[in-house]
């Protein structure tokens, strides 16, 4: 199968790491957005972490030009809850109405919304859904004006903002659209100056900040932009030291941390911190040993930022179990034990006082259902209850102290299952 033939619905069962890399990196969603990286959405408030997002993008050859598409999946950090004397338990929730890969989940008043993505044929979606927890059912929202996979999404007051992503032409889109939860209507807003995919997004003081990204010429961006939803105005800020897309972004103690990402198909180990008051970037120490891994996942909790797993490069080296841990107080990387299972492209969140790594892809050649938990106090890993089903490339978000996993790639292609992990 050529690189351009990969489809989001293609099974990853019994694939070697190299073949998995081709399915994912070429872009699991060829028509909607080949990619290699994860973009994420904000929407979750945390203490001291206000928002977390991650960016995921994949690549595809288009004639002589390599087209890269941004895909967003929220990476969320949540306020840690005491975890003593209880146990972890998965709950299977009502399935979404539509199968989705590279969709973006957001929260509003503890209500879950999922925006766009790709269907089982790899086509970008304009459909959006809302989960009614009281009735335990999904409701369809009015469609977005623009079909797209992996839009960068966030919530300000009662409005959901969708920015950029991958459109039906396999190109980055410049569309900025806002959904009013009150009126249940979408509105087209001031577009991006340039179409971008692979954006990461955070929200601070009711402003939407987007970082990096990639345009159709495959050049990564070093931009930091803010969008004022009420005024419908964009603003530029100081540029990053290292241009890249598919980064993960977190606000910790009032500062913006941007980690990882890509420059073309080359993984970036860059790590930077932005001071909002000074409008200035500080270049931090690169992620140790991270120069040769893709599909790593990131999380933030307490005073730490975590870099976990991924696929080694070249792909013949297989998946990694490595973890790196950054202390935001000392500004130093600290040693941490490896995961028990090598994996990449998994769901990550904070449940109790532990970082949870669930599902993903590993050297077994199929999506995983295994789950591990890392206690950053004792710096120990433990295996916990398996996922009810196998997922990779799934949307995931923290809600009411539970890690929710939505859709993604399963053994049979794009899925619509929803599962939540809590601690009791």
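Return the distance in nm (one decimal) between the two label points of a simple spin-label model at residue 126 and residue 92, each offset 7 Å from Cα along Cα→Cβ.
3.4
FRET efficiency for residue 188 and residue 218, Cβ-Cβ distance as r, R0 = 25 Å, nearest 0.05? Don't skip to the end; give the middle numbers.
Details: r = 27 Å, r/R0 = 1.07.
After rounding to 0.05, the efficiency reads 0.40.
In the range 185-211, whose amide N lies under 11 Å from the spot 7 Å out along Cα-to-Cβ of residue 228? List them in ranges.
Of the residues in the range 185-211, 207 have backbone N under 11 Å from the label point off residue 228.
Full-extension gain between residue 158 and residue 424, please, as 0.36 nm times their residue separation minus the C-alpha to C-alpha distance.
92.6 nm
Mean separation of Cα pairs under 8 Å and 6+ residues apart, divided by the residue count of the range 297-355: what relative contact order is that in percent? Before the final figure, lay out the partial values.
Details: 104 pairs, mean separation 19.5, N = 59.
So the answer I get is 33 percent.
Listing 242, 101 from the residue with the fewest other Cβ atoms within 10 Å to the one with the most, what is the order?
Going from least to most buried by this count: 242, 101.
Which order do peptides 411-419, 381-389, 347-355 fall in by mean Cβ count within 10 Å, highest first?
347-355, 411-419, 381-389
Using only the alpha carbon atoms of the range 285-387, find the Kirkwood hydrodynamic radius as the inverse mean reciprocal pair distance, in angstroms to one decimal.
Here the Kirkwood hydrodynamic radius works out to 13.6 Å.
Set the Förster radius R0 to 25 Å, insert the Cβ-Cβ distance between residue 236 and residue 171 as r into 1/(1 + (r/R0)^6), and round the FRET efficiency to 0.05.
For R0 = 25 Å, the calculated efficiency reads 0.60.
Please quote Rg/Rh for the range 118-164 to two decimal places, taking the Kirkwood radius as Rh and restricting both calculations to Cα atoms.
On the Cα set of the range 118-164, Rg over Rh gives 1.00.
Given a cut-off of under 8 Å on Cα pairs at least six residues apart, what relative contact order in percent is computed for the range 286-330?
Computed value for the range 286-330: 35 percent relative contact order.
Over the range 202-317, one equal point on each Cα, no solvent: what is log10 I(q)/I(0) by the Debye formula at q = 0.11, 0.19, 0.21 Å⁻¹?
The calculated log intensity ratios at q = 0.11, 0.19, 0.21 Å⁻¹ are -0.37, -1.04, -1.22.
Can you give me the C-alpha center-to-center distance between the range 348-424 and the range 224-238, rounded to a whole angstrom?
34
Percentage of Cα-Cα pair distances in the range 320-366 greater than 16 Å, rounded to whole percent?
50
Sort 115-124, 267-276 for me by packing, meaning the mean count of neighbouring Cβ atoms within 10 Å per residue, highest on top.
Highest to lowest by the protection proxy: 115-124, 267-276.
Between residue 111 and residue 278, how high is the FRET efficiency from 1/(1 + (r/R0)^6) when r is the Cβ-Cβ distance and R₀ = 41 Å? Nearest 0.05.
0.70
Report the relative contact order of the range 174-330, percent, no decimals, based on alpha-carbon pairs under 8 angstrom and at least 6 residues apart.
12
Average projected area of the Cα convex hull of the range 184-268, in nm²?
Here the figure is 6.5 nm², rounded to one decimal.
None of the figures in this text is laboratory data; all of them are computed from the coordinates on show. A quick note: this is a predicted structure, and the numbers were derived from the prediction, not measured. Cβ sites come from the backbone with ideal geometry, for glycine too, and all protein chains shown count toward neighbours.
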